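Reviewing the structure listed below.
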Amino acid sequence: MKDFRELKVWQMAMELFMEVVRDVEAFPKTEVARIIANQILRSVSSITANIAEGYGRRKGKEFQHYLYIARGSANETIDWYEKLKRLGYIGEEIFEKRGGRCQELRAMLTKMIDSV
């Protein structure tokens, strides 16, 4: 592979990012929603960014370090979606879809971490 964009895990994380952007656009126009939108966009964008940065290093422990950060960001994104669900900003269906995607990403990242 010549480019991080060829990684399936990066592609899936980018799809999730695009879904989150669409979700955020539908949030109510309140201060709390704006703050949460900012936080969830940061956490989800951190997944792809850390995969890309780690891939650029491509050496053992450094690459692994960035994969750990990406996995942590996937966990953080699940946490934000739990808050969104409890606040009523999203329904159960969206929560399950996004949470499931995050869990898939987490599993893929764990496999990558273990193989480095």
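Structure above, values below:
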item	result
Filter pass, THR48 being surrounded by 18 or more Cβ atoms within 10 Å (Cβ to Cβ) and in contact with a Cys (Cβ under 8 Å, 6 or more places away or on another chain)	no
Any hit, the stretch 17-24, residues being over 15 Å from the mean Cα position of the chain (by Cα), exposed (fewer than 15 other Cβ atoms within 10 Å of the Cβ) and either farther than 20 Å from ARG106 by Cβ or modelled with pLDDT of 95 or more (or both)	no
Total residues in the stretch 72-98, condition within 16 Å of GLN39 (Cα to Cα), surrounded by 16 or more Cβ atoms within 10 Å (Cβ to Cβ) and not polar (S, T, N, Q)	11
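The values are calculated or read from the model by the stated rules, or taken from the named source; none is laboratory data. These numbers were taken from a predicted model, which means no experiment stands behind them. Neighbour counts run over all protein chains shown; Cβ positions are idealised from the backbone, glycine included.
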